[in-house]
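Before we start, here is the structure in question, set down as structure tokens.
The values are calculated or read from the model by the stated rules, or taken from the named source; none is laboratory data. Not measured: the values here are computed from a predicted model. Glycine gets a Cβ as well: all are built from the backbone with ideal geometry, and neighbour counts include every protein chain shown.
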Amino acid sequence: MWRNRTDGFLKAALVFFTGPNGTDANKTIMFEAACERNVPGSALSCNVDQRSFKAYLSRWLAATTLLAPWTADTIMPLMRSSALAAAQSCSGGSDGVTCGNKWWTQGWDGSYGVGEQMSALEVIQSNLISRARGPLSGATGGTSKGDPSAGDGGVNGRPKEADALGSSDRKGATALTVMLVLMMLGAAW
């Protein structure tokens, strides 16, 4: 069941590799489907979140290959072709290394910003995922111990009981409540 659902998510994510026109030869290059589509009359402009979307998609697709190794044959060729296209887009600006947003244009598209830089960096470094270690567990070297009492010193996995309220606690709470009510009434008057 887990594998079927993972494959379903992966299949849905492939919409970001269908090419901006849906029939382009660039079907292995990542693009932001919501704002890079070549729709007649559209300005093809992406907002700030959409400009960094490819960074997050790249990171999580690469991480998926560690958690679900059977997906690597689908994901890694897409990461490689997208990384090459992203590297070509990093050829603009006054410094000659500013990255663009539309990698399928085969060069810098004139856009720039932190989202474009993040996306290019992430898709390029995602190609190194096979050299990364997978998530740790208790059996593979992880050292974190669970603490159901959330570190408050509870007993037998149960949180520590709150201290009982004393008379001075009640008197203080009453005084603060009266003071706040008087302040609100005074402000309203």
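Can you name the helices (runs of 4 or more DSSP H) wholly within segment 26-126 that have at least 3 residues being of a type outside the set (A, V, I, L, M, F, W, C), in contact (Cβ under 8 Å) with a residue 12 or more places away in the chain and more than 30 Å from R3 (Cα to Cα)?
Output list reads 114-125.
Considering only residues that are among the hydroxyl-bearing types (S, T, Y) and either touching a Phe, Trp or Tyr at 6+ places or on another chain (Cβ under 9 Å) or buried (at least 16 other Cβ atoms within 10 Å of the Cβ) (or both), which ones fall in segment 46-68?
Listed by number, the residues that qualify are S52, S58, T64, T65.
Here's something else I'd like to know. Step by step: first the residues of segment 153-189, then only those that are small (G, A, S) and part of a loop (DSSP other than H, G, I, E, B), then the one that is modelled with the highest pLDDT. Which residue is that?
G166
Moving on. Tell me, yes or no, whether segment 2-17 has at least one residue that is more than 16 Å from M76 (Cβ to Cβ) and either in a loop (DSSP other than H, G, I, E, B) or at pLDDT below 85 (or both).
No, there is no match, as no residue in segment 2-17 is more than 16 Å from M76 (Cβ to Cβ) and either in a loop (DSSP other than H, G, I, E, B) or at pLDDT below 85 (or both).
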